[in-house]
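In what follows, a structure is listed as structure tokens, so that the remarks can point back to it.
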Amino acid sequence: MPLGTMNGFGQALKAARLGKGMTLREFCLKNELDPGNMSRYERGLSAPPSPGTILRWLQKMGYLSSDHVTKNVLSCACVEMQARIRAKFESYI
């Protein structure tokens, strides 16, 4: 599967960050994260991290675990992870 072809998670993550009025650099500096790595997640170049990591990021943005935005981002991550696993499995067949 070509890099960047799956970015539902990345788009949802970026929309959540922008929804709180934060630039990528601002969010990363505030939370001691690497802007390059976060950019790769947002552009769909890296597979989503664990749900726990995603939840921590969203909480640092100011979202609650019960918020619609949080549920949407986690849902997009799960869908993307499943698709990546399916594509990997199919490459062996």
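The values are calculated or read from the model by the stated rules, or taken from the named source; none is laboratory data. Note that the coordinates shown come from a computational prediction; the quantities given were computed from them, not determined experimentally. Here the Cβ is made from the backbone with ideal geometry for all residues, glycine too, and neighbour counts use every protein chain on show. Side chains are part of the model used for accessible areas, which takes the heavy atoms of the whole protein and leaves out ligands, DNA and RNA. Shrake-Rupley method; radii C 1.70, N 1.55, O 1.52, S 1.80 Å.
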(request) Just round it to a whole percent: the fraction of Cα-Cα distances in region 1-64 exceeding 16 Å. (result) 40 percent
(message) If you average the alpha carbon positions of region 50-67 and of region 24-40, how far apart do those two centres end up, in angstrom?
(response) 15 Å
(message) Give me the count of lysine pairs in the chain whose alpha carbons sit under 17 angstrom apart, restricted to pairs 8 or more positions apart or on different chains.
(response) 8
(request) Tell me what the chain gives for mean residue ellipticity at 222 nm when only DSSP H runs of n ≥ 4 count, each as -39,500 (n - 2.57), the sum divided by the residue total, rounded to 500 deg cm²/dmol. (result) -21500 deg cm²/dmol
(request) Please report, in debye to the nearest 20, how large the charge dipole of region 51-93 is about its Cα centre when each Lys and Arg carries +1 at its beta carbon and each Asp and Glu carries -1 there. (result) 100 debye
(request) Heavy atoms only, probe 1.4 angstrom, no DNA, RNA or ligands counted: give me 28, 76 ranked by accessible area, highest first. (result) 76, 28
(message) With a 1.4 Å probe and all protein chains kept in place, how much accessible area does residue 79 have, in Å² rounded to the nearest 10?
(response) 90 Å²
(message) Based on C-alpha coordinates, I'd like the Rg and Dmax of region 29-93, in Å.
(response) 13.5, 45
(message) Only Cα pairs within less than 10 Å get springs; with that Gaussian network setup on the chain, which residue of 32, 42, 80 has the largest fluctuation?
(response) 32
(request) Might you work out the accessible area of residue 74 for me, using a 1.4 Å probe with all protein chains in place, and round it to the nearest 10 Å²? (result) 40 Å²
